[in-house]
Amino acid sequence: MTRVLIYDGSAAEDAAVTRTGGLPLLPDDIAWPRCTYCDGNMQFHARIEQDGAFLDADGEPTGDRRVVQVFMCDNDPGGCSTWEAYSGASAVVVLPPGPAPVRRAPDGGVTTLPEVSAVRVVEIDAEPDPGDEFSDPYEEARAVWMGDPEQRGRDVLGQLGGIPSWLQTDQMPACAECAEPMRMVAQLEEGHDLRTAANYGGGSAYVFVCPRHDLGAFLWQQ
């Protein structure tokens, strides 16, 4: 099954759920990320609740959950290398589940999206075909969703977990701690409304975490 993220109306800016936009929930000892290119405050993009992506020392699934919060610089579109993992123009904060205070956006820079969007997860029967190197379960799932005339294609906000649907070449990042390949937490689309969408150059964004360390990475392709 491919877990597709579907736009589900508006959400509160501080909702402790998977959503795009709004404000992050961060412990007091974690600062709002700043871009290393322009030194501006980054824009908060998404809060994602994820499970099943984490392994113990023996490589066995732990069943642990994490809250993954995603930031990207949008102060100088095209001027900071937001499309590259580890460029310093994006940040992924990985936290254990549990209460955390709402972090108000700092003054200066583009810090929030114009809209807070709730998402629901729809499971669509699309699996990778081991015999087909071009098999793309996410695109197959999107086609199933858009095949219903009552559904809007732009309501697909991405996928939870799964296999990256690369728009260019495979850019799977490695963990900065252990050098092992990361796992995808989510693939994100720009949004259901062009007026309030995130800026991924018209493409898709990819959020990764290390299955053994609470470290993440972000990039986008067009």
ask   = Any residue in the range 165-173 that is open to solvent by 60 Å² or more (accessible area, probe 1.4 Å), closer than 25 Å to Pro96 by Cα and over 13 Å from the mean Cα position of the chain (by Cα)?
value = yes
task = Within the range 131-146, identify whether any single residue is surrounded by 14 or more Cβ atoms within 10 Å (Cβ to Cβ), assigned to a strand (DSSP E or B) and not basic (Lys, Arg), and answer yes or no.
result = no
request  = Determine, yes or no, whether Ala91 is surrounded by 17 or more Cβ atoms within 10 Å (Cβ to Cβ) and part of a strand (DSSP E or B).
outcome  = yes
task = Please state which one of Pro101, Pro97 is in contact (Cβ under 8 Å) with a residue 40 or more places away in the chain, within 19 Å of the chain's Cα centre (by Cα) and surrounded by fewer than 17 Cβ atoms within 10 Å (Cβ to Cβ).
result = Pro97
message = Pull out all pairs, ordered by first then second residue, where Cβ-Cβ is under 9 Å, the residues are six or more apart or on different chains, the first lies in the range 105-117 and is at positive phi, and the second is modelled with pLDDT of 95 or more and not in a loop (DSSP other than H, G, I, E, B).
response = Gly108/Asn41; Gly109/Arg34; Gly109/Asn41; Gly109/Gln43
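Is it true that Arg195 is under 14 Å from the mean Cα position of the chain (by Cα), basic (Lys, Arg) and at negative phi?
Here the answer is no, as Arg195 does not meet what is asked.
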inquiry  = Restricting to the range 152-164, count the residues that are open to solvent by 60 Å² or more (accessible area, probe 1.4 Å) and part of a loop (DSSP other than H, G, I, E, B).
reply    = 2
inquiry  = Report every pair of residues separated by at least 6 positions or lying on different chains whose Cβ atoms are under 8 Å apart, first residue within the range 165-188 and of a type in the set (Lys, Arg), second in a loop (DSSP other than H, G, I, E, B) and open to solvent by less than 70 Å² (accessible area, probe 1.4 Å).
reply    = Arg183/Ala53; Arg183/Gly161; Arg183/Cys210; Arg183/Pro211
ask   = If the Cβ limit is 8 Å and pairs must be 6+ apart or interchain, which residue in the range 196-217 that is within 20 Å of Asp155 (Cβ to Cβ) and in a loop (DSSP other than H, G, I, E, B) pairs with which residue that is among the small types (Gly, Ala, Ser) and open to solvent by 10 Å² or more (accessible area, probe 1.4 Å)?
value = Ala197/Gly191; Ala198/Gly191
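The values are calculated or read from the model by the stated rules, or taken from the named source; none is laboratory data. Keep in mind that this is a model prediction, so the values were computed, not measured. Counting neighbours? That spans all protein chains shown, and the Cβs are built from the backbone with ideal geometry, glycine included. Side chains are part of the model used for accessible areas, which takes the heavy atoms of the whole protein and leaves out ligands, DNA and RNA. Shrake-Rupley method; radii C 1.70, N 1.55, O 1.52, S 1.80 Å.
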